[in-house]
Amino acid sequence: MDITPNRSQHQIKNSDILLSYIGMLCMGKPQFQAVREMDDDRDFYKSALGIAYNIPSEETLCQRMDDIGDTLRQQILQENIRMLTANQ
């Protein structure tokens, strides 16, 4: 996905977005607003999750996850079909 300077927090890589969200899921917190809890100790979370630049804001996380989901929607649907037919 193209990350251009006109995007909010364009310096945050998509890999950092995914790492942040995976970290939240591992803590049992799938809501985007849970990313704000990482603000208490940013250095710890950046190190623990392997984030290169910075932890994204709730808004950036939501926007990018929507964009990533939209670009991969067809692939996800095809893989779901393949998985379901393989496990009949």
List every residue pair whose Cβ atoms lie under 6 Å apart, where the two residues are 6 or more positions apart in sequence or sit on different chains, the first residue falls within the range 75-88 and is open to solvent by 90 Å² or more (accessible area, probe 1.4 Å), and the second residue, located anywhere, is of a type in the set (A, V, I, L, M, F, W, C) and assigned to a helix (DSSP H, G or I). none
Is there a residue in the range 51-58 that is closer than 16 Å to residue 14 by Cβ, open to solvent by 50 Å² or more (accessible area, probe 1.4 Å) and part of a helix (DSSP H, G or I)? no
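The values are calculated or read from the model by the stated rules, or taken from the named source; none is laboratory data. None of the values given here were measured: they were computed from a predicted structure. Neighbour counts run over all protein chains shown; Cβ positions are idealised from the backbone, glycine included. For the accessible areas, the whole protein counts, side chains as well, though only heavy atoms, and no ligand, DNA or RNA atoms are used. Shrake-Rupley method; radii C 1.70, N 1.55, O 1.52, S 1.80 Å.
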